[in-house]
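A short write-up of the structure that comes next.
The values are calculated or read from the model by the stated rules, or taken from the named source; none is laboratory data. None of these values were measured; they are calculated from a predicted model. When we count neighbours, we look across all protein chains shown, and the Cβ atoms used for this are built from the backbone with ideal geometry, even at glycine. The accessibility values were calculated without ligands, DNA or RNA, using every heavy atom of the protein model including side chains. Shrake-Rupley method; radii C 1.70, N 1.55, O 1.52, S 1.80 Å.
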Amino acid sequence: MKNVTVLAGGVGGARFTRGLLAHLAQAHPSVAGGGSSVAAGSSAAVTVVVNTGDDMWLNGLRVCPDLDTVMYTLGGGIAEDQGWGRPDESRRTSSEIAAYGRGWDWFTLGDLDLATHIVRTELLRSGQTLSEATEFLARRWHPGARLLPMSDDPVETHVRLADAADEHAAGDLIHFEEWWVRYRATVRVSEFVQVGLDAASAAPGVLDAIAGADVVIVPPSNPVVSVGTILNVAGVRDALRSTSARIVGISPIIGGSAVRGMADQCLAAIGVETSALAVGLHYGARSAGGLLDAWLVDETDAAAVASLAAAGIRAEAAPLWMRDVPTSAAIAERALKLALAG
Ligand code: GDP
Ligand code: CA
């Protein structure tokens, strides 16, 4: 196995990929201890295609929540308890911005994190693409994997509100992050709209990373607004359909609930039940025109394995809580085994 490609959102995708890199380094410890990159000791090169649908402009800066979560997590610079942003943060700059009556008081940007957005924005304004800016930022963090934004073109997920909220009327479109962070996904949604999708193409390297992979992994990321967004980028579904890679997914739903966060609200909005079985069937069997060759569910969802198999998806049950790096690495190991079996 030479190439592994992961289609990731933020927290779930980042934690899984960190475990994957740890597993690969463990399985091939030939240069363990040398170098700063975890992948240096692995036999496989890992590419992470990251959702950029959550990206937005804030106070004149381009913020890419999922790219940054993946970069900080893999680079050892994540605030572990919250899953996003940097540890030991201060908020002096956002307080100053708030004192001018500007900014979004529901979205916090720490001082250390702001440096990333300032450098990224400077690079974008000087004419670099998001891929180039991402590569530049990642050079500092040594993530041990190649990080690719799904697209260099802005594609922003918006939600159409079914109910009024504050200054917004029912039917208004608001940015996904406003619905997610400001309203904690509590306002009903009638649809998700990917603004900019029609004019967007996959970033350089994305389609090749799918075509040239031995295994493509759909990590336990939000199926609607993380993985779903990547799948909708032109060419991605076709690349997944025609790749010779095995495609394996890991359920982000355990025992009928979204483990961290509010993915159940997103699933409800597209009419998919919050269960490991329903999400597996939503992705669908590759043999029936869907995405998956294989699907890993949690032990508590073992009863779903037979129904998944009946639908043409090879499934197994394993502990899927990513409590730390070793438990995430064990999940990655099981997923790779399942992908390559059969
Ligand atoms: P976001 O962009 O930060 O929301 O992150 P992702 O889209 O990558 O992943 C979020 C999803 O990961 C959550 O909705 C959960 O369903 C899932 N998740 C988080 N932690 C775990 C875990 O420990 N195990 C599993 N199986 N899923 C998890
Ligand atoms: Ca996200």
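Taking the Cα atoms of segment 247-342, what is the range of coordinates along each of the three principal axes, in descending order and whole Å?
That works out to 34, 33, 20 Å along the principal axes.
How far apart, in nanometres, would the label points at residue 306 and residue 237 be if each is projected 7 angstrom from Cα along the Cα-to-Cβ direction?
Distance between label points: 3.2 nm.
Using all Cα-Cα distances in the chain, what percent lands in each 20 angstrom bin from 0 up to the longest?
Whole-percent P(r) values from 0 Å outward: 32, 60, 8, 0.
Just to be sure I follow: if Rg is taken over the C-alpha atoms of segment 302-342 and Rh is the Kirkwood radius over the same atoms, what is Rg/Rh?
Radius of gyration over Kirkwood radius for segment 302-342 works out to 1.03.
One-quarter of the Cα convex hull surface for segment 47-206, in nm²?
Over all viewing directions, segment 47-206 projects a mean Cα-hull area of 10.1 nm².
Compute and list, largest first, the equivalent-ellipsoid semi-axes of segment 79-140 from the alpha carbon gyration tensor, each √(5λ) rounded to a whole angstrom.
In descending order the semi-axes read 23, 17, 9 Å.
Using alpha-carbon pairs under 8 Å, 6+ residues apart, how would you state the relative contact order of the chain in percent? Before the final figure, lay out each step's value.
Numbers: 733 pairs, mean separation 63.3, N = 342.
About 19 percent, as a whole number.
In whole percent, how big is the carbon plus sulfur part of the accessible area of the chain, probe 1.4 Å, protein atoms only? Each step should come with its number before you reach the end.
Working: 7390 of 14350 Å².
Using a 1.4 Å probe with all protein chains present, the chain comes out at 52 percent carbon and sulfur.
Given the rule -39500 (n - 2.57) for each run of at least 4 DSSP H residues, summed and divided by the residues of the chain, what is its mean residue ellipticity at 222 nm, to the nearest 500 deg cm²/dmol?
-10000 deg cm²/dmol
Measuring from a point 7 Å past the Cα of residue 257 along Cα-to-C-beta, which residues in segment 312-342 have an amide N at less than 15 Å?
Residues 321-322 fall inside that zone.
If you roll a 1.4 Å probe over the heavy atoms of the protein chains, what accessible area per residue do you get for segment 162-303, in Å²?
Averaged over the residues of segment 162-303, the accessible area is 39 Å².
As an exercise, take the mean of 1/r over every pair of distinct alpha carbons in segment 122-226, invert it, and state the Kirkwood radius in angstroms.
On the way: mean 1/r = 0.0616 Å⁻¹.
Evaluated on segment 122-226, it is 16.2 Å.
State, to one decimal in nm, how far the label point of residue 88 lies from the label point of residue 118, with both points 7 Å from Cα in the Cβ direction.
1.9
Compute the signed sum of charges (Lys and Arg +1, Asp and Glu -1) over the other residues within less than 15 Å, Cβ to Cβ, of residue 329.
Working: positive: 15, 18, 323, 334, 337; negative: 324, 333.
Taking every Cβ under 15 Å from that of residue 329, the sum is +3.
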